[in-house]
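K.L.:
Here you go, one structure.
Coordinate-derived values only; no laboratory data. Since the model is a prediction, treat every value here as computed from it, not as a measurement. Neighbour counts are summed over all protein chains in view; Cβ atoms, including those assigned to glycine, are modelled from backbone coordinates with ideal geometry.
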Amino acid sequence: MLKKTTLALGGAALFLAWNGLLLLFLWSRPGPRDPRDPRDPSGGSRLLPAQLLQLAQDAEAELRLQRQLLLQIQKLSQQKRPKTPKPPQIPATTTTKEEEEEEEEVIPVLVLACDRSSVRRCLDKLLRYRPSARRFPVIVSQDCGHAETARVIASYGPAVAHIRQPDLSDVPVPPEHRKFQGYYKISRHYRWALGQVFGTFRYRAAIVVEDDLEVAPDFFEYFQAVLPLLKRDRSLWCASAWNDNGKEALVDAGRAELLYRTDFFPGLGWLLLAELWEELEPKWPAAFWDDWMRQPEQRRGRSCVRPEVSRTVTFGRKGVSHGQFFDQYLKFIKLNDRFVPFTQMDLSYLKKERYERFFLQQVYSAPEVTLEELQKEAGKDSGPVRLQYRGRDSFKASAKALGLMDDLKSGVPRAGYRGIVSFVCRGRRVFLAPPSDWTGYDPSWS
């Protein structure tokens, strides 16, 4: 519209200028001669004044008409031209919840299921506590083909996605491993399900849980907060909701916000990135995948984040492990029951350089005590203490006496970082630690 108006105005101006020049030319131009005019040697004469006057009047009328047309064009262009709207005044800090969620990464929860219809207990808590169905889709991957479990999963309708492991056949195993057939199937299922999440669905991160886990109210808040840390610090390769020594008597329930680095892969509700799966998938083991993850070749000096108070507990006493550790340890794990706003906290202290500087200073500045002194004096003083061990047998004896899990995997103690296990003994912080000149884990300790 603006372009057309400009052309019209230009055309009108050009017309007026042309008519002005034409009038000037006519006034100055000699007219035809009259033969009766004696002043004309050729016998011609000029046009009569009345003719000239008529010509001038015609030109003036044309000029008035053009002026009127020009004014109409200007008026019309002003009426048609849209006014430029002012941008809405929205405060820079004002965003809706939906807009904030759109800027956040989707983190699916992959639930590995088989033949436990009690998966309902797991799914009920996941769906109750998740803050956003869009950001935390729940994907249940079922092995075994168990019909009752399939019906339970299907009862949730579109609230969960139900995928099925297609290969339900027995896995060829060495004769001496026939009793471990279940572990081979679990490893095969993990490989297929993680391949679906990262390869088929193309997610960039995922939280993995099994069908016998119940989650805490801040389960999603915790993983949402540690995901950026996992992306920035390449010395971390996972974050877990589990504390292997998370029995109620061994943790400070009043400090549920405490997080640690650990060299031991905890599992039991854990977060990984797609980049890690791309690294692990080509060499994924045929069985015992979790212990395989704890080997130096896979860990490669990396650590996981774990909480003081667990954000998951297991209720699956029966399974392929036949209740191993359940009655002695697992059923006593304390599940966090209060919401910690991790996303509003600064977790940069978990970065390797900062963490080691602070944590090691805290450990090795604590006074050293003997096991007997600790058991006798626990609760009398609130300050942290250090209980030192000097070998495998020394560690296992102290751990067993204090109610800790005493097994090691590739030389790494459960919940340990640089060989140090942090726990609470009758209200007092204790560090079960190697000497300060510790040089690394000894895989022969397993």
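K.L.:
Averaging sequence separations of C-alpha pairs under 8 Å and six or more residues apart, then dividing by the length of segment 363-445, give the relative contact order as a whole percent.
P.N.:
Working: 127 pairs, mean separation 27.6, N = 83.
Across segment 363-445, relative contact order equals 33 percent.
K.L.:
In whole percent, what relative contact order does segment 135-281 give with Cα contacts below 8 Å and a gap of six or more residues? Walk me through the numbers on the way to the answer.
P.N.:
On the way: 119 pairs, mean separation 34.5, N = 147.
Dividing the mean separation by the residue count of segment 135-281 yields 23 percent.
K.L.:
Ok, one more. I need two numbers for segment 363-445: Rg to one decimal and Dmax as a whole number, Cα atoms only, in Å.
P.N.:
Both quantities, over Cα of segment 363-445: 12.1, 38 Å.
K.L.:
Next question. Student exercise: in segment 105-336, how many lysine pairs 8 or more apart or on different chains have Cα atoms under 26 Å apart?
P.N.:
16
K.L.:
Follow-up question, since we're still on this one. Could you check the simple spin-label distance between Asp167 and Gln328, using points 7 Å along Cα→Cβ, in nm with one decimal?
P.N.:
3.5
K.L.:
For Gln344 paired with Ser117, estimate the spin-label separation in nm (one decimal), with each label point 7 Å from Cα along the Cα-to-Cβ line.
P.N.:
For Gln344 paired with Ser117, the spin-label model returns 4.3 nm.
K.L.:
Quick one: pull the percentage of alpha-carbon pairs in segment 105-336 with a separation above 23 Å.
P.N.:
47
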